[in-house]
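Since every read-out is calculated from the coordinates, none of them should be taken as a lab result. All values derive from a computational prediction rather than experimental measurement. Using ideal geometry, Cβ is built from the backbone for each residue, glycine included, and neighbour counts are taken over all protein chains shown.
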Amino acid sequence: MIELVIEQNSGVATLLQISLNGSQASASDLVDLEFPDVEGSKGLVISGFPQWAAGAIAVEYKNKVKWIAFVDPKLSEEKSAVIIWSLDRAYRRGDIVPLSSLDFGSPAALAGN
């Protein structure tokens, strides 16, 4: 079963974690997926797998936030996210954004993916 958990909030973005709670994800989990409310004046950073779930989440939030990014631990040495969609000129599709630049408070929350 897939669960979406808001891990962190900053003045810039919300970090949304895909949690599997130790179980195997199934595409049918998308049917009952509950989407937490997020602030539309910010960006949304999606962290976790499976990738098809991240894609479905991005589609759900596309017109509800200023920009959307996926965390990819392989992007750089510093944990970063890639912007995949944006209405904000400061964050353009393809930009790589270090999570530390988004003012998320706890480094512990940024450690997992």
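What angle, in degrees between 0 and 90 and rounded to the nearest 10, separates the Cα long axis of helix 51-61 from the longest principal axis of the Cα atoms of the chain?
The angle comes out near 70 degrees.
For residue 64, list the lysines whose Cα falls under 26 Å from its own Cα; do not include residues on the same chain fewer than 8 positions away.
Residue 64 reaches 42, 79.
Inverting the mean 1/r over all pairs of different Cα atoms, compute the Kirkwood radius of region 3-108 and quote it in Å.
Working: mean 1/r = 0.0717 Å⁻¹.
About 13.9 Å for region 3-108.
Given Cβ point charges of +1 (Lys, Arg) and -1 (Asp, Glu) and nothing else, what value in debye, to the nearest 20, does the dipole of region 40-80 about its Cα centre take? Let's see the in-between values first.
Numbers: 6 positive and 4 negative charges, 45 e Å.
So the magnitude is around 220 debye.
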